[in-house]
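Just below is one structure, and these are the notes that go with it.
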Amino acid sequence: MTLAVDIKHALGNFQLDANFETGGRLIALFGRSGSGKTSIVNIIAGLIRPDQGRVAIDGAVLVDTAQGLFIPRHRRRIGYVFQEGRLFPHLTVRQNLLYGRWFAPKDGQREEFDRVIDLLGIADLLERRPGRLSGGEKQRVAIGRALLANPRLLLMDEPLASLDEARKTEILPYIERLRDQSRVPIVYVSHSVAEVARLASSMVLLSDGKVAAVGPTSELMHRLDLFPLTGRAEAGAIVEAVVERHDEVFGLSELRSRAGLWKLPRLDAPVGTRLRLRVRARDVMLARSVPKDLSALNILPGVVADIGKTDGPIVEIKLDCHGDALIARLTRYSVERLGIRTGEPVHALVKSVALDRRSLSGPIQAAASADAEASDG
């Protein structure tokens, strides 16, 4: 899918001025609260008529103020999942789902209903009412209702924002399945670095109503100049890796990327599975020479590609590890003590236990054992 947005709109004192074109199975609109993310998806959905501009999906124009064109929201075939499920409390799950199906073409409805139920794992919930569902279950039902309306595009406005960490962990694999197995492209609104890094192939970074950057998620997450906007505390790198083997004796899995070999707590993922590995900057140490007698199992050679601002106590270092980018966060004291300079070789050190199940995403759920996560290594 290709999404093209060029809009200007005033909301009180807030001025939205966004111009971007991007594509992918899951596009993230990312930024802090108040950056304009929800306003953009509401314009895409037809809930807001922009003061000026144009929006098109795969060349199909939804609004063009210069031409006086505005497709009503009920004719746009766009599904919308809000922060809360917004289910009808007096209806069962089955009845809530069938309400969404009411707006879809009649052909193949039985097969589509069964496919969505299976995709979201909600077969056991069909006779319950929303009051007996957890927050994660409500969101899965809300997603199913939106899908059964047969949308051309699914908008998800911070669907995990109202959930606790346990419920987020529960629902994220289903959103991955939706991204990988559904025919419906997704625009996903979030201010969570972890969610965007795990889910999105491309992202639009928003700040104060304007587009600060647009492009592949992995590239934007690596840019040191964007850390003030992407969130310094959770900053890091995204590495594409393949499961190479499992060590049953020590309960480890080995993954191969361009950077080298990664050892992680045992994954429930077959050999050959491609996974996306998120490596946080705060979990990466640097050494000028190959360290010995160290507990960290991941030692990856690289070259210093970029050094962030050095006017504070903390400095971000970007590494080129044979084509994979890694980010390390060090004190300025350590940078000067080690004499780290652009273009010089170093070794990145990452503890295996820093790469738990929350750091992984892929075509299947890659679940490290809880016992392994609690150990050191």
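Take the conditions of a type outside the set (Val, Ile, Thr) and modelled with pLDDT under 95 and apply them to Ala325. Does it pass?
no
Looking at the stretch 315-343 only, could you name the residues that are of a type in the set (Val, Ile, Thr) and either in contact (Cβ under 8 Å) with a residue 40 or more places away in the chain or within 17 Å of Gly260 (Cβ to Cβ) (or both)?
Of everything in the stretch 315-343, those that are of a type in the set (Val, Ile, Thr) and either in contact (Cβ under 8 Å) with a residue 40 or more places away in the chain or within 17 Å of Gly260 (Cβ to Cβ) (or both) turn out to be Ile327, Ile340.
Out of (1) part of a helix (DSSP H, G or I); (2) surrounded by 19 or more Cβ atoms within 10 Å (Cβ to Cβ); (3) hydrophobic (A, V, I, L, M, F, W, C), what's the single condition that is false for Leu206?
Every listed condition holds for Leu206 apart from (1).
For the stretch 19-44, what are the residues that are out of contact with any helix residue (DSSP H, G or I) (no Cβ under 6 Å at 6 or more places or on another chain) and either more than 22 Å from Pro216 (Cβ to Cβ) or of a type in the set (A, V, I, L, M) (or both)?
Within the stretch 19-44, Ile27, Ser33, Gly34, Thr38, Ser39, Ile40, Val41, Asn42, Ile43, Ile44 meet the criteria.
Among residues belonging to the stretch 1-34 that are touching a His at 6+ places or on another chain (Cβ under 8 Å) and either assigned to a loop (DSSP other than H, G, I, E, B) or among the hydroxyl-bearing types (Ser, Thr, Tyr) (or both), point out the one that is modelled with the highest pLDDT.
Gly31
I need a count of the residues in the stretch 46-91 that are aliphatic (A, V, I, L, M) and surrounded by fewer than 19 Cβ atoms within 10 Å (Cβ to Cβ).
Count: 8.
For the stretch 157-213, enumerate the residues that are under 17 Å from Lys138 (Cβ atoms), in contact (Cβ under 8 Å) with a residue 24 or more places away in the chain and not aliphatic (A, V, I, L, M).
Across the stretch 157-213, the qualifying residues are Asp157, Glu158, Pro159, Ser162, Asp164, Arg167, Lys168, Thr169, Glu170, Pro173, Tyr174.
Yes/no matrix, rows are residues, columns are (1) at pLDDT 95 or above; (2) within 23 Å of Leu16 (Cβ to Cβ):
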site	(1), (2)
Arg54	yes, yes
Arg76	no, yes
Arg86	no, no
Leu91	no, no
Asn96	no, no
Trp102	no, no
Arg110	no, no
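Would you mind telling me which numbered condition in (1) basic (Lys, Arg); (2) in contact (Cβ under 8 Å) with a residue 24 or more places away in the chain; (3) at negative phi Arg77 fails?
(3)
Is it true that some residue in the stretch 344-352 is surrounded by fewer than 21 Cβ atoms within 10 Å (Cβ to Cβ), in contact (Cβ under 8 Å) with a residue 40 or more places away in the chain and in contact with a Pro (Cβ under 6 Å, 6 or more places away or on another chain)?
Checking the stretch 344-352: at least one residue is surrounded by fewer than 21 Cβ atoms within 10 Å (Cβ to Cβ), in contact (Cβ under 8 Å) with a residue 40 or more places away in the chain and in contact with a Pro (Cβ under 6 Å, 6 or more places away or on another chain).
Table: residues versus (1) charged (D, E, K, R); (2) surrounded by 14 or more Cβ atoms within 10 Å (Cβ to Cβ); (3) at positive phi.
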position: Ala241; (1), (2), (3): no, yes, no
position: Ser253; (1), (2), (3): no, yes, no
position: Ala259; (1), (2), (3): no, yes, no
position: Val271; (1), (2), (3): no, no, no
position: Arg280; (1), (2), (3): yes, yes, no
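Within the set of pairs 6 or more residues apart or between chains, which connect a residue that is free of Cβ contacts under 8 Å to residues at least 40 places away in the same chain inside the stretch 41-55 to a residue that is not aliphatic (A, V, I, L, M) with Cβ atoms less than 6 Å apart?
Close Cβ pairs (under 6 Å, with a partner that is not aliphatic (A, V, I, L, M)) amount to Ile43/Pro50; Gly46/Arg73; Gly46/Arg76; Ile48/Asn42; Arg49/Phe70.
Are there strands (runs of 3 or more DSSP E) fully within the stretch 228-325 with at least 2 residues that are over 30 Å from Glu336 (Cα atoms)? List them.
In the stretch 228-325, 236-247, 252-257, 260-265, 274-280 are the strands (runs of 3 or more DSSP E) which contain 2 or more residues that are over 30 Å from Glu336 (Cα atoms).
The values are calculated or read from the model by the stated rules, or taken from the named source; none is laboratory data. It should be emphasised that the depicted structure is a prediction, and the values quoted were computed from it without experimental measurement. Positions of Cβ are backbone-derived with ideal geometry, glycine not excepted, and every protein chain shown enters the neighbour counts.
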